[in-house]
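The values are calculated or read from the model by the stated rules, or taken from the named source; none is laboratory data. A quick note: this is a predicted structure, and the numbers were derived from the prediction, not measured. Virtual Cβ from ideal backbone geometry, glycine too; neighbours counted across all protein chains shown.
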Amino acid sequence: MILSIILRTAEGLSDREGDPSAFRGCGVPRLPRRCRSEPRCRLMALLRWQRFAGVPHRGMMAAPPDQHGSAMLSYRHAFHAGNFADVLKHAVYVTVLRYVTIKAKPLYVLDTHAGAGVYDLGSPEAAKTREHRAGIERVLAAPGSWPDLLAPYLELVRAFNPPGRLAVYPGSPALARAILRPQDRLELVELHPTDHAALAARFARAERARVVRADGLAHLVARMPPPERRGVVLLDPSYEIKTDYEAVARAIAKAHRRFATGTYLLWYPVIERTRVEALLAALRATGIRAQYRIELCLLPDSPGRGMTGSGLVAINPPWMLPAMVEAGLPWLKQRLSAEGPCEAGWLVPE
Ligand SMILES: C[S@@+](CC[C@H](N)C(=O)[O-])C[C@H]1O[C@@H](n2cnc3c(N)ncnc32)[C@H](O)[C@@H]1O
């Protein structure tokens with residue numbers, strides 16, 4: 001009840017001002033006038049505002065288990081679709097999928113935390129945070145040519161939209177479906193009842209695609225190895241439960257023992273650096289070779305400020321991925337005005 005009053009108050013103010021950074025009178029500090037046009041100030045204000053308004057973000061603690069035996073999920077990707085983290089994650093995902101579909105042999109793709117599939121950027125959720133403005137909108141508007149790491153992904157985002165407009169954002173299920181061929185198989189796992197229903201409706205008639213309501217990590221372990229013996233797994237948890245960080249590393253270790261030649265892409269948020277370090281240490285400790293890590297942070301590490309950056313660990317990446325990332329990441333960093341850590345390299349060599 002109290003949260004809904006705060007949310008309504010927050011919506012009213014942000015509608016009036018047209019900018020969350022212009023919040024005032026609700027215990028949220030108002031930005032100095034000179035600061036409002038600077039991307040860093042605007043981002044910090046956005047993070048403060050989102051915490052204040054109760055927008056569910058990654059790393060938020062989930063409620064106790066519901067009747068399905070799973071935690072009640074608060075995170076909804078509709079609030080965040082097309083943000084800076086999606087741009088990096090989806091550019092890498094599209095790059096990997098395009099490469100592995102060059103060979104004619106059938107491919108299995110598993111998206112363990114699939115979300116709703118496609119996001120309406122005019123929805124109340126997207127309008128509340130407008131995170132896509134500092135992400136996909138900014139990148140699409142870049143003058144000149146896009147680097148190879150970004151170009152196929154950006155072309156796909158454009159293809160989902162009317163010419164010259166950004167109305168929807170394709171999530172990982174929609175991007176994969178646009179790339180996969182008739183001989184390939186796509187499995188999409190989503191636990192949240194609302195997002196699962198939206199995803200199931202969207203893919204109801206999609207051939208060779210299956211939507212499952214289950215725990216993504218348990219499903220991953222159960223499905224390995226795929227009969228195709230060629231596979232890509234995207235692991236994109238919401239990290240609502242703090243044990244998710246350990247759980248994801250354990251699940252990858254188990255899946256890799258059953259299917260060592262698959263490509264695994266794990267996304268992680270940078271909220272608290274110690275958690276990232278622990279996750280990377282757990283991944284190194286699995287003994288799995290060929291782990292390539294990519295990270296891009298908008299702000300320097302700042303505990304308590306929400307998600308300041310994000311990263312990916314690609315296990316068994318296609319051979320061309322490191323060179324493409326190394327060429328494209330500086331462009332993306334500049335385009336997003338990122339001021340935090342930005343790096344790519346082998347966490348564990350091949
Ligand atoms: C970051 S979103 C996914 C975004 C999507 N992969 C994309 O890139 O478009 C994470 C999703 O995981 C779902 N989720 C959370 N816990 C889960 C679990 N244990 N198993 C499967 N899905 C889960 C959330 O409901 C949320 O929709």
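Failed condition for P162, given (1) under 30 Å from V221 (Cα atoms); (2) free of Cβ contacts under 8 Å to residues at least 24 places away in the same chain, with all others met?
Evaluating P162 over (1) under 30 Å from V221 (Cα atoms); (2) free of Cβ contacts under 8 Å to residues at least 24 places away in the same chain leaves (1) as the failure.
Failed condition for P225, given (1) outside any helix (DSSP H, G or I); (2) touching a helix residue (DSSP H, G or I) at 6+ places or on another chain (Cβ under 8 Å); (3) closer than 14 Å to L110 by Cβ; (4) within 13 Å of the ligand (Cβ to nearest atom), with all others met?
Just one mismatch for P225, condition (4).
With respect to the numbered conditions (1) more than 11 Å from the ligand (Cβ to nearest atom); (2) of a type outside the set (V, I, T); (3) under 16 Å from T101 (Cα atoms), which one is the sole condition not fulfilled by A176?
Answer for A176: the failing condition is (1).
Check whether at least one residue in the range 117-140 is surrounded by 21 or more Cβ atoms within 10 Å (Cβ to Cβ), under 30 Å from R230 (Cβ atoms) and of a type outside the set (V, I, T), and report yes or no.
yes
Could you please let me know if R98 is in a helix (DSSP H, G or I), away from the ligand (no atom under 16 Å from the Cβ) and more than 30 Å from F259 (Cβ to Cβ)?
No; evaluated as a whole, the condition is false for this residue.
Run K105 past the list (1) touching a residue at least 40 places away in the same chain (Cβ under 8 Å); (2) crowded, with 17+ Cβ neighbours inside 10 Å; (3) not in a strand (DSSP E or B) and report the number of the one that doesn't hold.
All conditions are met except number (2).
Which is assigned by TED's automatic domain parsing to the domain that holds A91, of a type in the set (A, V, I, L, M, F, W, C) and more than 16 Å from the ligand (Cβ to nearest atom), of A200, A167?
The conditions single out A167.
Which condition does H113 not pass, out of (1) in a loop (DSSP other than H, G, I, E, B); (2) away from the ligand (no atom under 12 Å from the Cβ); (3) of a type outside the set (A, V, I, L, M), if it passes all the others?
So H113 meets the others, but not (2).
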